[in-house]
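**Student:** Dropping a structure here in structure tokens format, bear with me for questions.
The values are calculated or read from the model by the stated rules, or taken from the named source; none is laboratory data. Just so it is clear, the structure is predicted and the values come from calculations on it, not from any experiment. All Cβ positions, glycine included, derive from the backbone under ideal geometry; neighbour counts span all protein chains shown.
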Amino acid sequence: MKQYQAISALVCPLLLSTLVKSSEPWMHHFEDPREESPDDDEAITERRWQLGYENFRLRCEKFEMEANHSSSVRTRIAGGELATRGMFPHQVGLVIQLSGADLVKCGGSLITLQFVLTAAHCLTDAIAAKIYTGGTIFADLDDSVEELEVTHRDFLIYPDFLGFGGYNDLALIQLPRKVRISERVQPIELAGEFMHQNFLVGKVVTLSGWGYLGDSTDQRTRDLQYLDAEVMDQERCICYFLPGLVSQRRHLCTDGSNGRGACNGDSGGPVVYHWRNVSYLIGVTSFGSAEGCQVGGPTVYARITAYLPWIRQQTAMTN
């Protein structure tokens, strides 16, 4: 199975190129009309950035003594435990073939009998994929319940994904047929609309995946890992990264204290909240600190509640 360890999905320097577009919402609040002139657009833009960044710096100053800021981001389970069969029946493994013949390792979640939800950046430049259900050993036919093959025609990328980075980092994969349901294979419920930031902050949630166990390249694994982490205050997460990389509404973050968080190869996998004896998918793993999986930085996810209308429309879900 060495070919499946070829590449783990990374978004390291690419997210930085989204900074201008993703920073617009907070930047607009600091326009200075006294300087606006059609003859000096460059000066206006520069001034707006100066004002926007100064506001960001003041907003985040209170966190500077508590966390180190990283200069870029990458996808990144470190510090987890071994999962047992049937523990995460919604979890699927993805082996994705790129146009250049390289293979990408990602995770995903079964949300209906015929749709998988994953990260859009996992499917960038992808032409096909193999999906493994019900297993705890990555891409192992003997351990999995099924292996399903799909092509790029089955990929549904969120329309506003830029083609790189962690903004609107969500995609659906339509399976060629319905999966076989068993104790080891079950779709997961999507987060309820009431599961907003104020409801989730401080709650303990569970993330899972087949990613690296740590920053060293010899810490690869094919065994499904999981860990419990706490949903962190969104402002603290926003301030850990460069301005504009984390969205107030479209992202969710978990605390990475003590080196516990997602790691390379965990992209697209689920973060789940257990409420009233039901598991709910609240996020899709997107990125973390470029400094490494074990530096204590947050893990950032696409927030499911921000995309519920699109998911329901594409999958014909009624609730």
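**Student:** I need every pair where a residue in segment 238-262 that is under 19 Å from Y212 (Cα atoms) has its Cβ under 7 Å from the Cβ of a residue that is acidic (D, E) and at pLDDT 95 or above, sequence separation at least 6 or different chains.
**Tutor:** T254/E230; D255/E230
Residue-by-condition table, conditions (1) among the aromatic types (F, W, Y); (2) farther than 22 Å from Y307 by Cβ; (3) touching a Cys at 6+ places or on another chain (Cβ under 6 Å):
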| position | (1), (2), (3) |
| --- | --- |
| Y167 | yes, no, no |
| P176 | no, yes, no |
| E189 | no, no, no |
| E193 | no, no, no |
| L200 | no, no, no |
| M232 | no, no, yes |
| F241 | yes, no, no |
| L245 | no, no, no |
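**Student:** Now, a different point. Considering every residue within segment 174-183, establish whether at least one is within 20 Å of T118 (Cβ to Cβ) and surrounded by 17 or more Cβ atoms within 10 Å (Cβ to Cβ).
**Tutor:** Yes, that holds for at least one residue.
**Student:** Name the one entry in S279, S247, S286 that is in a loop (DSSP other than H, G, I, E, B) and among the polar types (S, T, N, Q).
**Tutor:** On the way: S279 fails: in a loop (DSSP other than H, G, I, E, B); S286 fails: in a loop (DSSP other than H, G, I, E, B).
Result of the check over S279, S247, S286: S247.
**Student:** Here's a follow-up. May I ask you to verify whether F194 is crowded, with 19+ Cβ neighbours inside 10 Å and not charged (D, E, K, R)?
**Tutor:** no
**Student:** Provide a single number: the residues in segment 198-210 that are farther than 16 Å from L281 by Cβ and touching a strand residue (DSSP E or B) at 6+ places or on another chain (Cβ under 9 Å).
**Tutor:** Here the count works out to 3.
**Student:** Identify the single condition in (1) closer than 20 Å to A119 by Cα; (2) under 16 Å from the mean Cα position of the chain (by Cα) that I188 does not satisfy, given that it satisfies every other one.
**Tutor:** (2)
**Student:** Would you confirm whether or not segment 152-164 contains a residue that is in a strand (DSSP E or B), in contact with a helix residue (DSSP H, G or I) (Cβ under 6 Å, 6 or more places away or on another chain) and either of a type in the set (A, V, I, L, M) or closer than 21 Å to I282 by Cβ (or both)?
**Tutor:** Yes, segment 152-164 contains at least one residue that is in a strand (DSSP E or B), in contact with a helix residue (DSSP H, G or I) (Cβ under 6 Å, 6 or more places away or on another chain) and either of a type in the set (A, V, I, L, M) or closer than 21 Å to I282 by Cβ (or both).
**Student:** So, in segment 289-310, of the ones that are part of a strand (DSSP E or B) and in contact with a His (Cβ under 8 Å, 6 or more places away or on another chain), which residue ends up surrounded by the fewest Cβ atoms within 10 Å (Cβ to Cβ)?
**Tutor:** So the residue we want is R303.
**Student:** Could you please let me know if L148 is out of contact with any Phe, Trp or Tyr (no Cβ under 6 Å at 6 or more places or on another chain) and either at pLDDT 95 or above or part of a helix (DSSP H, G or I) (or both)? So that I can check it myself, show each step before the final result.
**Tutor:** Working: out of contact with any Phe, Trp or Tyr (no Cβ under 6 Å at 6 or more places or on another chain): yes; either at pLDDT 95 or above or part of a helix (DSSP H, G or I) (or both): yes.
Judged against the criteria, L148 is a match.
**Student:** On to the next question. Of the numbered conditions (1) assigned by TED's automatic domain parsing to the domain that holds C293; (2) closer than 22 Å to S267 by Cβ, V201 satisfies every one except a single condition; which is it?
**Tutor:** Every condition holds for V201 apart from (2).
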